[in-house]
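Each reported figure results from applying straightforward, stated rules to the coordinates on display, with no laboratory input. Treat the numbers as computed from the prediction; the structure is a model and nothing was measured. Virtual Cβ from ideal backbone geometry, glycine too; neighbours counted across all protein chains shown.
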Amino acid sequence: MGSEQFKRYKTPISGLMLGGVIGLIVAVALGSVLPWRPPPKKPDFAAAGDAPKTMFHAPSFNGFVNQQGQPVDSSAFKGKVLLVTFMYPYCTRVCPTLASRMVNLETLLRQRGLQDRVQLLSFNVDPEGAAPREMSRFMRQYGADPNSALWQFLTAPAALTARVLKRGFHADYRKIATDQLEQVFAQQRKDGTYHYVPSMRNPLADESHPDYAIIHNSSAIIVGVDGVVRYVLGDANTVSDAVMLNDIIRVLRKEGRA
């Protein structure tokens with residue numbers, strides 16, 4: 001089956017070829033988006049409209065810890081709608097914006113009394129380079145309270161992380177040495193597929209000076225109470241807090257939770 005994507009804005013992307021998006025993949029390194037790997041069974045990629053769709057089942061998982069080092073497994077979120085994102089603490093492109101989105105959503109959910117019905121989850125795509133300490137610092141520097149249970153940043157050993165994210169959520173990521181990035185960018189410029197994404201300030205990255213970048217999926221996934229993925233918001237760093245909140249509420253209403 002060909003690589004396929006789905007975006008929220010009433011515009012289905014079906015049959016998108018991997019070659020057509022590979023430039024976007026590399027050009028937004030340090031926090032860029034990799035294409036969605038096709039689920040085992042073809043999901044419904046029709047436009048979302050105002051009703052959530054059935055796409056694929058989110059994976060169950062255990063063996064993860066959160067930003068406080070506390071063990072976490074998927075059973076802890078039973079009965080909740082999940083908003084899932086993918087980040088890493090040294091990211092200077094997409095992740096700072098996504099982190100700010102999560103902080104804003106925490107406030108909006110609490111204002112509407114939905115904090116017990118929704119869970120914000122971010123998965124660390126740099127499990128070998130960043131531990132809970134760095135994850136907690138990353139959250140704090142963008143205004144989050146790492147002690148809050150509403151937004152949790154999860155990490156696990158590399159093999160387990162890859163299994164859950166790549167096979168379960170169909171979200172790719174990979175590490176590239178920084179001294180190889182310009183070579184890749186040059187090829188994308190030659191191909192006419194280079195896509196510039198400005199760097200954002202990340203004090204933790206400034207302090208640590210990592211010699212690598214993680215190219216990763218920048219989508220946000222909304223999972224229903226039944227464990228079925230209902231929305232995939234492509235390039236979630238460009239999606240407003242209001243759109244994310246409205247889609248979460250649509251899923252809650254669809255499942256009788258709002």
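At 0.36 nm per residue, and after removing the present C-alpha to C-alpha distance, how many nm does the segment from Ser60 to Leu160 gain when stretched out fully?
Residue separation times 0.36 nm, minus the Cα-Cα distance, leaves 34.8 nm.
Multiply the residue gap between Ala186 and Asp211 by 0.36 nm, knock off their C-alpha separation, and tell me the result in nm, one decimal place.
Values: separation 25, 0.36 × 25 = 9.00 nm, distance 1.91 nm.
Once the chain is fully extended between Ala186 and Asp211, it gains 7.1 nm.
To make sure I understand, if each residue's beta carbon is the centre and we count other beta carbons within 10 Å, what order do Thr161, Thr178 fall in, fewest to most?
Thr178, Thr161
How do His57, His216, His209 line up, fewest other C-beta atoms within 10 Å first?
So the ranking, lowest neighbour count to highest, is His209, His57, His216.
If you rank Ile248, Ile221 by fewest surrounding Cβ atoms within 10 Å, what's the result?
Least to most surrounded, the residues fall as Ile221, Ile248.
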